[in-house]
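First comes the structure, then the notes that go with it.
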Number of protein chains: 2
Amino acid sequence: MTNKLSTQPYKGVRDFYPDDMAVQQYIFDVWSQTAESFGYARYDASVLEPADMYKAKGAENEEMINEQTYTFTDRGDREVTLRPEMTPTVARMVAQKAKELSFPIRWYSIPNLFRYERAQKGRLREHWQLNCDIFGTDDYTADIEVIALANQIFLNFGADPSMYEIRVNDRTLMTRLYHALGITDEDTITAITRLNDRRDKIEKKEYLKALNTITGDDRLTDEVIMMLDKSDEQTDLVVGLSELGINNVVFDKSLARGFDYYTGTIFEFKDTAPGNNRSLLGGGRYDNLTSLFSDTPVPGIGFGFGDVTMRDFLETHDLLTANITSPIIMVLPMSTEHNLLAQKVAQTFRTAGIGVAVDMSTRKVGKKLKIAEEQLAEYAIIVGDDEVTNETYVLKSLTETSEVSGTLEQLLNKLIA
Amino acid sequence: MTNKLSTQPYKGVRDFYPDDMAVQQYIFDVWSQTAESFGYARYDASVLEPADMYKAKGAENEEMINEQTYTFTDRGDREVTLRPEMTPTVARMVAQKAKELSFPIRWYSIPNLFRYERAQKGRLREHWQLNCDIFGTDDYTADIEVIALANQIFLNFGADPSMYEIRVNDRTLMTRLYHALGITDEDTITAITRLNDRRDKIEKKEYLKALNTITGDDRLTDEVIMMLDKSDEQTDLVVGLSELGINNVVFDKSLARGFDYYTGTIFEFKDTAPGNNRSLLGGGRYDNLTSLFSDTPVPGIGFGFGDVTMRDFLETHDLLTANITSPIIMVLPMSTEHNLLAQKVAQTFRTAGIGVAVDMSTRKVGKKLKIAEEQLAEYAIIVGDDEVTNETYVLKSLTETSEVSGTLEQLLNKLIA
């Protein structure tokens, strides 16, 4: 025996065998159909991008680039990165054609994204993410629309609104409220916002201590806490969503969403299930998507939604109904001598678009029938000397105990009727 | 003005704006539907694979690995490669589950593949490729089936069989023929096969000279040439394809297909158009797919078909009918004050699965209508005070000069009728 290679995939990535791929395709299909029902057009780009695109985003991103991306030098001495997020890519693409596009434009994509994470249980180094954005409008109804789109995805998977909560906040409103408390220094506001982003992940005591350090004043800390906990704002966004029939919305002043480039509305969807109580998707409004590439500002709003999170949600709430694509008909030659005849029978059905496969193995026909049942085929057709001589075949249902016989043409007509 | 980054993508890769993405999706959809009509189940894996997988394939591959792959060392000191082809990946996956699978299995995938090529006009560093394989059978009807599947793809795109030619050859038959000429040394046979692979790319004189060097004998060279040019073999494969109604098949003894791992049938589809006279797809039979990973042999046959080649063929023969996905309805608010009302109107249609978008820009409504036409929407609905007060809207066709009015429910019923 020679040395054999491991059959394991590279660390932190997934193989999609047909069972898992069927789930993945089901998720992608519902995502696409929903986005297109809102008038969003699909785009894509390569996973390879110039590394400069991610370096330019400033200090917060330094760490991400240096420690959390796949960045390498190509044979032409170019620094190239496997994209960790889609926003810089779509910004590049919009900037390139900004003069030709009739804004507002609605775009969506389902990119493969890469992040180098230290190996931890369940932490993946790649995933797929639905990205939906509307570019070139600062009207607040665009904010309503993208949240309605995200919401419709859940409904189209059969979810009930009680299964998740939509949390919204507004960076401009927050700035006004901080100013009203006398906190006007931008760095201080940013520090509080960043702290709020970690609020659910740290102890309350630790949070209060950090907040106190930022404000430098016990009384002010109390006022900030009170302000953050008062969450009954009936903003235009909340009212507008309600007008569209979307009522599982909470205005949450402590909602921060990490990225510094959000400038107005921010939102996230949170699972309400006790065992999966976490953020499902997030997004927000930005004043100028294309600032890295152009001086002409393009405002917009969008969100990202990962495939792993989506699947966890569907499994948690027992909403996963995807089935592996099975051939509808299995054609079973009586012996290998009938294999070519079986191909001819199969050809009649597949050229009409009906899924059909041939079991050309050396197994006995009874065993072939059993495997066809296990593989969830709907029908079987046995091909032997009698069938060929008489030009009469039996279409045997594998889901009910019924069968029908006739010429191939008659059987085909029955199936497409 | 600050320094701005380039909006160009990384060298050798493509951006897919919605127009191009619509073509890409159309190609992928026809590929999937055809493969599934033949009972093939979809699988996928990450673009990242351990570099060892490609190094193990032997000397011919050394150059490819060293000079033509994206291979880099990750932060955990693992050597990782962006996969240049799918076969090693699917071999790994099949080997991992070989004990659980009921062979023959039919699998397909549409992976993204990467190859580092020196920058040349039109040479891409990544593409997408349909891979179809049937594993676990050495029956010759499997060879017929995969060629019939490749053929059906062309027919499903609306191609006529006169637009392409199917060239087949058989490595075992060729070995017998070489033996009959007295050429029994395996290295000599391999050298001739590799030379034949370049036959179309070099001058006839150069070809003859190289062949002479290999055989070392003028008379033998003549006999080899005569043997290669005699192409009237009616093999079981050629006859079987004809039985399925596939007659644009040529047995071509000079067909080589580069890969050393092919052991029986090899085939390629060639464009017959004078301007695009080149190989469109290729494939073949291998005795043991999983030899790198396991001692249990798994035979099979399959092919790969690239998206760029597919698109070139469709454009050459004027078969490209894909349209960008347009919203079916554009909802046009009379002014921005009607934007939320327009969202409510849109919500009625999109929750029923009809593609609908809102133009919430500050443009005048006449201009909005013009843009809706340019964007190939089928209908427009204007939302102003009158419409809202009377609860009566006009569904205006943008493709013919007709319109119909009614409540939103009436209009919806008309559209889904």
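The values are calculated or read from the model by the stated rules, or taken from the named source; none is laboratory data. Since this is a predicted model, take the numbers as computed values, not measurements. Using ideal geometry, Cβ is built from the backbone for each residue, glycine included, and neighbour counts are taken over all protein chains shown.
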Within the range B:129-140, of all residues that are more than 13 Å from B:TYR108 (Cβ to Cβ) and surrounded by fewer than 23 Cβ atoms within 10 Å (Cβ to Cβ), the one farthest from the other protein chains (Cβ to nearest Cβ) is B:ASP138
A careful count of residues in the range B:34-58 that are facing another protein chain (nearest Cβ under 7 Å) and polar (S, T, N, Q) gives 2
Exactly one of A:VAL224, A:VAL238 is assigned to a helix (DSSP H, G or I), assigned by TED's automatic domain parsing to the domain that holds A:ALA142, closer than 30 Å to A:ASN151 by Cα and out of contact with any Cys (no Cβ under 6 Å at 6 or more places or on another chain), and that residue is A:VAL238
| said: It is to be established whether one or more residues within the range A:73-82 are touching a helix residue (DSSP H, G or I) at 6+ places or on another chain (Cβ under 9 Å), at pLDDT 90 or above and within 27 Å of A:GLN152 (Cα to Cα). | reply: no
message = Please verify whether A:ILE202 is among the aliphatic types (A, V, I, L, M), in contact with a strand residue (DSSP E or B) (Cβ under 9 Å, 6 or more places away or on another chain) and closer than 28 Å to A:ILE147 by Cβ, treating the condition exactly as stated.
response = no
Task: Test: B:PHE269 is away from every other protein chain (no Cβ under 14 Å), of a type in the set (Phe, Trp, Tyr) and assigned to a helix (DSSP H, G or I) - done: no
Taking the range A:141-189 and keeping only residues that are within 21 Å of A:ILE27 (Cα to Cα), polar (S, T, N, Q) and surrounded by fewer than 14 Cβ atoms within 10 Å (Cβ to Cβ), one is left with A:SER162
Taking the range B:105-118 and the residues there that are surrounded by 16 or more Cβ atoms within 10 Å (Cβ to Cβ) and at pLDDT below 95, the one that is nearest to the other protein chains (Cβ to nearest Cβ) would be B:TYR116
Practice problem: Inspect the range B:148-168 for any residue being of a type in the set (S, T, N, Q), part of a helix (DSSP H, G or I) and in contact with a helix residue (DSSP H, G or I) (Cβ under 6 Å, 6 or more places away or on another chain) and give the result as yes or no. | Solution: yes
### Query
If we scan the range B:337-355, do we find a residue that is outside any helix (DSSP H, G or I), closer than 22 Å to B:TYR17 by Cβ and within 8 Å of chain A (Cβ to nearest Cβ)?
yes
When restricted to A:MET360, A:MET334, the only residue at the interface with chain B (Cβ under 7 Å from one of its Cβ atoms) and in contact (Cβ under 8 Å) with a residue 12 or more places away in the chain is A:MET360
#### Entry: Some residue of the range B:303-318 being buried (at least 19 other Cβ atoms within 10 Å of the Cβ), away from chain A (no Cβ under 14 Å), at pLDDT 90 or above and in a loop (DSSP other than H, G, I, E, B)
yes
For A:GLY355, the lone unmet condition from (1) in contact with a helix residue (DSSP H, G or I) (Cβ under 8 Å, 6 or more places away or on another chain); (2) touching a residue at least 60 places away in the same chain (Cβ under 8 Å) is (2)
A:ASP252 vs. criteria touching a residue at least 60 places away in the same chain (Cβ under 8 Å), over 13 Å from A:ILE147 (Cα atoms) and in contact with a Ser or Thr (Cβ under 6 Å, 6 or more places away or on another chain):
yes
**OP:** Considering every residue within the range A:240-248, establish whether at least one is polar (S, T, N, Q) and touching a Lys or Arg at 6+ places or on another chain (Cβ under 7 Å).
**Re:** no
In the range B:389-402, anything surrounded by 13 or more Cβ atoms within 10 Å (Cβ to Cβ) and touching a Lys or Arg at 6+ places or on another chain (Cβ under 9 Å) is listed as B:LEU395
Notebook entry, point to check: Would a scan of the range B:276-294 turn up a residue that is loosely packed, with under 15 Cβ neighbours inside 10 Å, over 26 Å from B:THR188 (Cβ atoms) and assigned by TED's automatic domain parsing to the domain that holds B:ASP139?
Noted result: yes
Of the candidates A:TYR10, A:TYR17, the one satisfying the condition of being modelled with pLDDT under 95 and at the interface with chain B (Cβ under 7 Å from one of its Cβ atoms) is A:TYR10
